[in-house]
Amino acid sequence: IPTKLVIRTNGTYDCSWALVIRSKGYQKILSQTGEEIIDLGIPEKGTLQGTCSMGMYNFKINFE
């Protein structure tokens, strides 16, 4: 299934406004308040991991 990841920020002011998804070659400074849509295409089975620029905040999405 074609998949899009929607990232919403609201008054972000720390390292969490820098999003890195290494497996996708994605790296971006997000708006302090706003929305970023990342087209993931058709994800393969596995785990997608992302982090802030300092590695303090992270997330994992499991695709089955």
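The values are calculated or read from the model by the stated rules, or taken from the named source; none is laboratory data. Keep in mind that what you see is a predicted model, and the values were worked out from it rather than measured. All Cβ positions, glycine included, derive from the backbone under ideal geometry; neighbour counts span all protein chains shown. In case anyone asks, the SASA skips ligands and DNA or RNA and just uses the protein heavy atoms, side chains included. Shrake-Rupley method; radii C 1.70, N 1.55, O 1.52, S 1.80 Å.
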| note | Checked the range 1-20 for anything among the aliphatic types (A, V, I, L, M) and either in a loop (DSSP other than H, G, I, E, B) or loosely packed, with under 10 Cβ neighbours inside 10 Å (or both); matches are Ile1, Val6
| field | Number of positions in the range 34-58 that are open to solvent by less than 90 Å² (accessible area, probe 1.4 Å), more than 18 Å from Pro2 (Cα to Cα) and over 9 Å from the mean Cα position of the chain (by Cα) | value | 3
| field | Ser23, sole failed condition from (1) assigned to a helix (DSSP H, G or I); (2) in contact with a strand residue (DSSP E or B) (Cβ under 6 Å, 6 or more places away or on another chain) | value | (2)
